[in-house]
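Chemist: Before I ask anything, let me first share the structure, which is written out below as structure tokens.
The values are calculated or read from the model by the stated rules, or taken from the named source; none is laboratory data. This structure is a prediction, so every number in the text was calculated from the model and none was measured. Here the Cβ positions follow ideal geometry from the backbone for every residue, glycine too, while neighbour counts run over all protein chains shown. The area values use the complete protein model at the heavy-atom level, side chains included, leaving out ligands, DNA and RNA. Shrake-Rupley method; radii C 1.70, N 1.55, O 1.52, S 1.80 Å.
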Amino acid sequence: MKYAKRLLTSRLHELAAYFPVVVLSGARQVGKSTLLAHAFPNWKVVTFDSAQDVGNARRDPDLFLDAHPAPLILDEIQYAPELVPAIKRRVDRTRAPSQYILTGSQQWAVLQTANESLAGRAVFLELEGFSLAEMARSQSHWLQRYLDNPHDFVHTPSVDLQRLTLDKTIYEVLFRGALPEATTMPSQLLRAYHDSYITTYIERDVRLLSEVSDRQRFGQFTQLVAALTAQEINYSQLGRELGVVYKTSQNWLRVLRDTFQWVEVPAFHSNVVKRVAGKAKGYFADTGLACALQRISSPEALAGHPQTGALFESAVCAEIRKQMAVMTAPPRLHHWRSYGGSEVDLVLERDGIFYPIEVKLHSRPTRKDTRGITAFRAAYPQLNIAAGLVIAPTDSLLPLSDNDWALPWDAV
């Protein structure tokens with residue numbers, strides 16, 4: 001597969017040029033090693049493994065670093081966490097930039113250990129699967145322009161808003177997911193690839209966690225969570241469905257989150273209006289894996305599946321996260337739902353301005369699709385609320401009301 005330049009490349013170079021240590025984390029097979037090989041082709045790379053102590057790094061980390069001078073990429077650092085304190089000591093001797101890049105696919109090992117030991121010395125980035133722009137070999141994205149000037153974004157779209165040229169239907173994009181290999185491999189191999197990924201994930205990544213003693217039951221839990229993507233999180237419901245206690249469902253969902261398979265979006269709160277549901281909303285990170293876990297057999301089967309809308313919302317939320325990751329000042333991400341039932345799928349907040357976004361899987365959105373955004377404005381008249389967006393598989397940017405617009409799902 002020809003290398004597709006990642007949107008995060010420029011941000012990665014910018015941070016590495018200033019900080020001594022960069023920690024690049026993300027789920028397995030999202031392309032961390034490939035990104036670094038292309039972004040830093042002259043750096044030496046050491047890849048660690050759970051089965052062996054590569055270069056005696058765990059037994060004697062200082063001697064290992066003596067034998068492997070900076071600049072150095074340490075891949076899958078969670079298998080050699082003993083190196084982190086040794087890196088701290090070396091960085092403290094010289095704060096020169098571009099010394100180490102650490103990668104990991106297990107958040108509890110990488111971020112917790114590194115964050116505690118390398119505070120003030122390291123900066124953290126998270127890489128997800130391909131964005132739509134990366135699939136189409138484009139480096140453009142719309143979110144920054146929308147946040148910078150929402151009025152101009154919706155009123156003068158012809159200036160800089162285009163649609164991607166993709167050779168796949170929306171259902172195939174959702175069915176394949178965003179893991180780099182899955183986006184281009186022959187369709188008849190996808191099920192085997194996703195099934196292998198899930199098995200390896202549970203047997204290798206999850207096995208390292210003491211919180212998971214029943215891996216078979218955890219696999220069933222993962223299937224259940226995939227079916228509940230784009231819903232508010234109810235730990236009691238998760239536990240009842242599988243016959244596990246509330247605490248276990250909390251711990252297992254944390255495992256999925258800490259291995260980058262599950263993403264949570266907090267509820268929006270305000271002191272002005274008290275009657276707001278406070279549950280976080282959860283998303284399965286990759287729609288291709290979610291389809292495999294739900295045994296959806298093809299893009300054609302997905303087209304008529306009851307979970308298609310939730311998977312589309314999951315993909316749009318992931319796309320927004322990927323665009324946020326490259327920003328120097330990303331917004332906060334919320335969802336909103338009142339006890340009366342009104343809801344907005346995503347509410348972005350930056351500089352005291354709120355950007356409401358709805359996600360609808362139909363090609364002709366109407367004013368009716370803005371009802372949640374209208375309710376949000378009515379509930380918070382004191383807030384500075386920008387032009388709202390309804391992201392849908394429509395052909396162009398279209399006005400739906402005085403304040404809200406439909407945006408093509410594949411816009412750049």
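Chemist: Of all residues in the stretch 337-368, how many are open to solvent by less than 20 Å² (accessible area, probe 1.4 Å) and not hydroxyl-bearing (Ser, Thr, Tyr)?
Modeler: 11
Chemist: Has the stretch 225-234 got at least one residue that is surrounded by fewer than 21 Cβ atoms within 10 Å (Cβ to Cβ) and more than 30 Å from ALA378 (Cα to Cα)?
Modeler: Yes, the stretch 225-234 has at least one match.
Chemist: Just checking, does the stretch 191-210 include any residue being in contact (Cβ under 8 Å) with a residue 60 or more places away in the chain, touching a Leu at 6+ places or on another chain (Cβ under 6 Å) and over 25 Å from GLN78 (Cα atoms)?
Modeler: No, the stretch 191-210 contains no residue that is in contact (Cβ under 8 Å) with a residue 60 or more places away in the chain, touching a Leu at 6+ places or on another chain (Cβ under 6 Å) and over 25 Å from GLN78 (Cα atoms).
Chemist: On to the next question. Residue by residue through the stretch 371-384, note down the ones that are β-branched (Val, Ile, Thr) and open to solvent by less than 30 Å² (accessible area, probe 1.4 Å).
Modeler: ILE373
Chemist: Which members of the stretch 8-30 meet the condition of being within 18 Å of ALA329 (Cα to Cα) and either open to solvent by 20 Å² or more (accessible area, probe 1.4 Å) or in contact with a Cys (Cβ under 6 Å, 6 or more places away or on another chain) (or both)?
Modeler: Passing the criteria: SER10, ARG11, HIS13, GLU14, TYR18, PHE19.
Chemist: Would you mind telling me which numbered condition in (1) open to solvent by 20 Å² or more (accessible area, probe 1.4 Å); (2) part of a loop (DSSP other than H, G, I, E, B) VAL212 fails?
Modeler: All conditions pass for VAL212, except number (1).
Chemist: Something else now. Applying the selection to the stretch 385-400, what residues are open to solvent by less than 20 Å² (accessible area, probe 1.4 Å) and of a type outside the set (A, V, I, L, M, F, W, C)?
Modeler: Those that are open to solvent by less than 20 Å² (accessible area, probe 1.4 Å) and of a type outside the set (A, V, I, L, M, F, W, C): GLY388, THR394.
Chemist: Could you please find all residues in the stretch 31-53 being in contact with a Phe, Trp or Tyr (Cβ under 8 Å, 6 or more places away or on another chain), open to solvent by less than 60 Å² (accessible area, probe 1.4 Å) and free of Cβ contacts under 8 Å to residues at least 40 places away in the same chain?
Modeler: PHE48, ASP49
Chemist: Something else now. Hey, which of the helices (runs of 4 or more DSSP H) in the stretch 244-313, taking only ones fully inside, have at least 2 residues that are over 30 Å from THR103 (Cβ atoms)?
Modeler: Here the list reads 246-258, 299-303.
Chemist: To continue, here is another question. For the stretch 63-76, how many residues meet the condition of being under 16 Å from PHE19 (Cβ atoms) and either modelled with pLDDT under 90 or under 27 Å from the mean Cα position of the chain (by Cα) (or both)?
Modeler: 3
Chemist: Is it the case that some residue within the stretch 241-251 is under 30 Å from GLN144 (Cβ atoms), of a type outside the set (Ser, Thr, Tyr) and open to solvent by 10 Å² or more (accessible area, probe 1.4 Å)?
Modeler: no
Chemist: Does the stretch 77-87 hold any residues that are touching a strand residue (DSSP E or B) at 6+ places or on another chain (Cβ under 9 Å) and closer than 13 Å to ASP62 by Cα, and which are they?
Modeler: If the condition is that a residue be touching a strand residue (DSSP E or B) at 6+ places or on another chain (Cβ under 9 Å) and closer than 13 Å to ASP62 by Cα, then ALA80, LEU83, VAL84, ILE87 are the ones that fit.
Chemist: Determine whether PHE48 is among the hydrophobic types (A, V, I, L, M, F, W, C) and over 29 Å from LEU289 (Cα atoms).
Modeler: When the stated conditions are applied, PHE48 does not pass them.
Chemist: Tell me, yes or no, whether the stretch 34-56 has at least one residue that is more than 28 Å from LYS322 (Cβ to Cβ), assigned to a helix (DSSP H, G or I) and in contact with a Pro (Cβ under 8 Å, 6 or more places away or on another chain).
Modeler: No, because not a single residue in the stretch 34-56 is more than 28 Å from LYS322 (Cβ to Cβ), assigned to a helix (DSSP H, G or I) and in contact with a Pro (Cβ under 8 Å, 6 or more places away or on another chain).
Chemist: Here's a follow-up. Tell me yes or no: at least one residue of the stretch 3-19 is out of contact with any strand residue (DSSP E or B) (no Cβ under 8 Å at 6 or more places or on another chain), aromatic (Phe, Trp, Tyr) and not in a loop (DSSP other than H, G, I, E, B).
Modeler: no
Chemist: Can you run down the residue pairs with Cβ atoms below 8 Å, 6 or more apart or on separate chains, where the first is in the stretch 120-134 and more than 30 Å from TYR171 (Cα to Cα) and the partner is of a type in the set (S, T, N, Q) and open to solvent by 20 Å² or more (accessible area, probe 1.4 Å)?
Modeler: Taking only residues 6 or more apart or on different chains, the pairs are ALA122/ASN115; PHE124/ASN115.
Chemist: Can you confirm whether the stretch 361-372 contains a residue that is within 15 Å of LEU143 (Cβ to Cβ), without any contact (Cβ under 8 Å) to a residue 60 or more places away in the chain and either in contact with a Ser or Thr (Cβ under 9 Å, 6 or more places away or on another chain) or not hydroxyl-bearing (Ser, Thr, Tyr) (or both)?
Modeler: Taking every residue of the stretch 361-372 in turn, none turns out to be within 15 Å of LEU143 (Cβ to Cβ), without any contact (Cβ under 8 Å) to a residue 60 or more places away in the chain and either in contact with a Ser or Thr (Cβ under 9 Å, 6 or more places away or on another chain) or not hydroxyl-bearing (Ser, Thr, Tyr) (or both).
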